[in-house]
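A.B. asks: Dumping the structure here so I can ask a few things about it.
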Amino acid sequence: MAQEFVSARIKGDKVVLFMKPTCTYCILAKDVLSKYKFKKAHLELVDISERTDMGCIMDYFLQKTGARTVPRVFIGKECIGGGSDVAELDKSGELEGMLQAIGALQ
């Protein structure tokens, strides 16, 4: 079930942020991503905090990405990591190129 939930959201031309709204690293990732002008429906914020299968989803993140924590940020079908990873990619200028490469930006 968790695998289907995650896989259904990850698409080649989209950015997906799996998060919990009170997590400081999730807020950091959301703030970094909010600086960019995404095409409609090319950025999805997925709050897993109130899901009954949250533990299973986080277990699947561990299996798929090597980390069980949130945020988990996917650009296209690739997980680029969490909040600090997104911030570092933004700071280095790489993030914008990655977003452009999948056609997510206006």
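The values are calculated or read from the model by the stated rules, or taken from the named source; none is laboratory data. Worth saying up front: this structure is predicted, and the values here are computed from it rather than measured. Ideal geometry is used to build each Cβ from the backbone, glycine not excepted, and the neighbour counts take in all protein chains shown.
A.B. asks: Please work out which one of (1) part of a loop (DSSP other than H, G, I, E, B); (2) surrounded by fewer than 20 Cβ atoms within 10 Å (Cβ to Cβ) is the condition Lys91 fails and give its number.
C.D. replies: (1)
A.B. asks: Assess whether Phe61 counts as being surrounded by 14 or more Cβ atoms within 10 Å (Cβ to Cβ), among the aromatic types (Phe, Trp, Tyr) and in contact with a Lys or Arg (Cβ under 8 Å, 6 or more places away or on another chain). Show your work before the answer.
C.D. replies: Details: surrounded by 14 or more Cβ atoms within 10 Å (Cβ to Cβ): yes; among the aromatic types (Phe, Trp, Tyr): yes; in contact with a Lys or Arg (Cβ under 8 Å, 6 or more places away or on another chain): yes.
Answer is yes for this residue.
A.B. asks: Among the numbered conditions (1) surrounded by 12 or more Cβ atoms within 10 Å (Cβ to Cβ); (2) closer than 12 Å to Val16 by Cβ; (3) not aromatic (Phe, Trp, Tyr), tell me where Met98 comes up short.
C.D. replies: Of everything listed in (1) surrounded by 12 or more Cβ atoms within 10 Å (Cβ to Cβ); (2) closer than 12 Å to Val16 by Cβ; (3) not aromatic (Phe, Trp, Tyr), Met98 misses just condition (2).
A.B. asks: Where in region 1-80 are the strands (runs of 3 or more DSSP E), entirely inside, with at least 2 residues that are more than 22 Å from Gly97 (Cα to Cα) and either touching a strand residue (DSSP E or B) at 6+ places or on another chain (Cβ under 8 Å) or free of Cβ contacts under 8 Å to residues at least 12 places away in the same chain (or both)? Walk me through it before giving the result.
C.D. replies: Values: elements: 15-19, 43-47, 72-75.
Output list reads 43-47.
A.B. asks: Go through region 11-21 and count every residue that is more than 12 Å from His42 (Cβ to Cβ) and surrounded by fewer than 19 Cβ atoms within 10 Å (Cβ to Cβ).
C.D. replies: 2
A.B. asks: Taking the options Val70, Val46, name whichever one is at pLDDT 95 or above, of a type in the set (A, V, I, L, M) and crowded, with 20+ Cβ neighbours inside 10 Å.
C.D. replies: Details: Val46 fails: crowded, with 20+ Cβ neighbours inside 10 Å.
Sole residue among the options that is at pLDDT 95 or above, of a type in the set (A, V, I, L, M) and crowded, with 20+ Cβ neighbours inside 10 Å: Val70.
A.B. asks: Residues of region 1-40 being aliphatic (A, V, I, L, M) and closer than 15 Å to Phe74 by Cβ, which ones? Steps first, answer last, please.
C.D. replies: At the first step, the residues of region 1-40 found to be aliphatic (A, V, I, L, M) are 1-2, 6, 8, 10, 15-17, 19, 27-29, 32-33.
Selection gives Ala2, Val6, Ala8, Ile10, Val15, Val16, Leu17, Met19, Ala29, Val32, Leu33.
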